[in-house]
Every structure is written in structure tokens, then in C-alpha cells.
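What follows is a set of notes on a single structure, which appears directly below.
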Amino acid sequence: MTVDLTGKTAIVTGAGRGIGRAIALDLGKHGAHIFCAARTARQIESVAIEIVAAGGTATPIVCDLSNEQSICDMFTQVTRKFERLDILINNAGIGIYGPIAEFSTADFDNVISVNLRGTFLCSREAMKLMVPAHSGYIINISSVVGFKGYVNQGAYTAAKHGVVGLTKTLAIEAQENGIRASVVLPGGVDTEMVARSRPDLDRSVLIQPSDIAHTVAYLLSLPATCAVDQIYIRRRNSTPFG
Ligand code: NAP
């Protein structure tokens, strides 16, 4: 995938491992300065070092997406360094699983707080920078459960449907301001999260994090005349249109 992001700045949330790490490394190779955000300092520092070793530039930022002040502090750090933001990848997410009949309110709130509220807060703060610049791209990572349900994944499914809904309105408001917004809905990707949530899946049939990174790069490579609202990527051995 060829996309020239030289001179662009990007925040990738959840960049410490899994899908976010792959996206951060890939966008770094395409020339963007990457702000790698997550809670675990050693993981985002390590990813930032990898980006620099590959010839890019990066800044690790410790940020807890369940904490509004932490998100505002992250955006303050970004604007202090560059006074602009070109790309936001809302990727960070958590999974807490169990049947709805036994699911605690605290766990429900936690999943919604990181996966949906965190996406909303980051999008809002990004829009504050992108609207005056009349440019930018926000890409939200939802899930296959952004349009269907899975047993034991009630809170996660609600949050991921919410991310799709949020993106639908965001895309309209963004477009009015020269900004693009898309949502990516992956099926099972070979990360720690899926190892915990779907231990039944054979790892050899899973999507690779780099495949999601290529999808994000593809979206960013499209000319301004094109708008892709959503991309659903499923495991090859899952049901077509299922
Ligand atoms: P992962 O390997 O568990 O990585 C999740 C990332 O999010 C980590 O860097 C984690 O870092 C960060 N994160 C979690 N809670 C956070 C918080 N409160 N504040 C800031 N960062 C936080 O998961 P993944 O599989 O790569 O998933 C990435 C995204 O893709 C998620 O939104 C997930 O729902 C979605 N997705 C995954 C799959 C899949 O099969 N793996 C499929 C569809 C969609 P810290 O813990 O250090 O904060």
C-alpha cells in the first residue's frame, strides 16, 4: 500500500500491542509522526522505538481512555508539539465477557467507558483541531459485533454498535467540515484480546493485525473525492454476509 503521510501527525490509541501496534508501525513507515497512546508505558515506548528504528518519528503518550482529563491532557501534548492533528485512529478497546443475566453494572460501564465514550471523547477533541483546519481523517475500529451479536459479549456488542452509530453522525458532521470519518469492522484478529474472548478459534484462520493496518492505510490512500463509510473484514472461514 503506497500512501505518503510525510508531514502528517496521527494519534493511534491502543498502540501498545495488537492491532493498534500494527497500525502505528505501518503509518510510521508511511511518514506520519505517530502519537502512540495507551496506559502501559513500556509497550508504547517500545512501539515508538520500533517506529524510529524503521526511519519514522513517534511520541509515546500514556493515556487512560476511561478518564476524560487524561484524554484532554493527551490532546494538549499533541497541540504543544505540532498544533495540528491530521489522523485519529480510535483503536483502543477492552473486552469483558459474560452472560447478560450475570453481568455486573461496573463491568458494563467499564466496557462502554473505554470502547464508546473514549472514542467519542477522542473524536470530539480531534474535531476541535480538524474543523478549523478543514481537513483530517478519523478512523474508528469497531468489530463484527458492530452489526451482529455474540453470546457473552453484550456490553462489548453494545459498545461496538455504538461506535458504528457514532461514526455515522461523525461522518456527516466531518464531511461538512472537509474531514473524513470511516469505521472498520474486523472479525477475529490474532491478538491477546481474541485469545481471551474466542479461545475456540484456531489462530491459523485469524486475520493478522497487519491486515487491519493495510486496511487503514488503504482508507488514507484514497483521494479526497472518495468516501468509504465502513469496511467489514471477516475471517475467510466465517459466513459470507453473516
Ligand atoms: P489488545 O491486543 O488487547 O490491545 C488493546 C490496546 O488498547 C492496548 O494497547 C491497550 O493498552 C489499549 N487500551 C485498553 N484499555 C485502554 C484504556 N483504558 N486507555 C487507553 N488504552 C487502552 O486488543 P486488539 O485485539 O488489538 O484490539 C484493538 C481494537 O480492535 C479494539 O477496539 C478491539 O475491540 C478491536 N477489535 C479486535 C478484534 C480482535 O479479534 N482482536 C476484532 C474486532 C475488533 P493498555 O492496556 O496498556 O492501556
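The values are calculated or read from the model by the stated rules, or taken from the named source; none is laboratory data. Because the structure is predicted, anything quoted here is derived from the model rather than measured. Note that we place each Cβ from the backbone using ideal geometry, even for glycine, and neighbour counts take in every protein chain shown. Only protein heavy atoms, including side chains, enter the accessible area calculation; ligands, DNA and RNA are left aside. Shrake-Rupley method; radii C 1.70, N 1.55, O 1.52, S 1.80 Å.
A Förster radius of 41 Å, combined with the Cβ-Cβ distance separating residue 6 from residue 102, puts the computed FRET efficiency at roughly 0.20.
Rolling a 1.4 Å probe over the protein heavy atoms gives the range 147-240 an accessible area of 51 Å² per residue. Between 0 and 90 degrees, rounded to the nearest ten: what's the tilt of helix 68-82 against the longest Cα principal axis of the chain? Helix 68-82 and the main axis of the chain meet at about 30 degrees. Over all other residues within a Cβ to Cβ distance under 12 Å of residue 46, the charged ones net out to +1, with Lys and Arg as +1 and Asp and Glu as -1.
Here the spin labels are modelled as points 7 Å beyond Cα on the Cα-Cβ line, and at residue 110 and residue 124 they lie 2.4 nm apart. Most fluctuating residue of 42, 180, 198 in a GNM of the chain with Cα springs under 10 Å: which is it? Taking springs between Cα atoms under 10 Å, the residue moving most is 198. For residue 151 and residue 230, what does the FRET efficiency come to when R0 = 22 Å and r is the distance between their Cβ atoms, rounded to the nearest 0.05? Efficiency, from the Cβ-Cβ distance: 0.40.
The relative contact order of the range 100-178, computed from alpha carbon pairs under 8 Å that lie at least 6 residues apart in sequence, is 39 percent.
Expressed to the nearest 5 percent, the antiparallel share of DSSP beta bridges inside the range 9-233 is 0 percent. For residue 81, the lysines whose Cα falls under 17 Å of its own Cα, not counting residues fewer than eight places away in the same chain, are 8, 128.
Averaging the Cα positions of each part gives two centres, and for the range 1-49 and the range 209-242 these lie 18 Å apart. Taken over the Cα atoms of the range 9-233, the convex hull encloses 113 Å³ per residue. For the range 56-146, the set of GluC sites (Glu not before Pro) satisfying both a DSSP loop assignment and a count of at most 10 other C-beta atoms within 10 Å is given as 83. Helix-only arithmetic for the chain: the sum of -39500 (n - 2.57) across DSSP H runs with n ≥ 4, divided by the residue total, places the mean residue ellipticity at 222 nm at -14000 deg cm²/dmol. In this label model, residue 196 and residue 210 are separated by 2.6 nm, measuring between points 7 Å along each Cα→Cβ vector. Would you mind telling me which residue in 100, 179, 231 has the biggest mean-square fluctuation in a Gaussian network model of the chain, where springs connect alpha carbons within a distance under 10 angstrom? Looking only at 100, 179, 231, the biggest GNM fluctuation is shown by 100. Residues 176, 50, sorted by accessible area with the largest first, give 176, 50 [1.4 Å probe; ligands and nucleic acids excluded].
A Gaussian network model of the chain, with springs between Cα atoms under 10 Å, assigns the largest mean-square fluctuation among 127, 74, 193 to 193.
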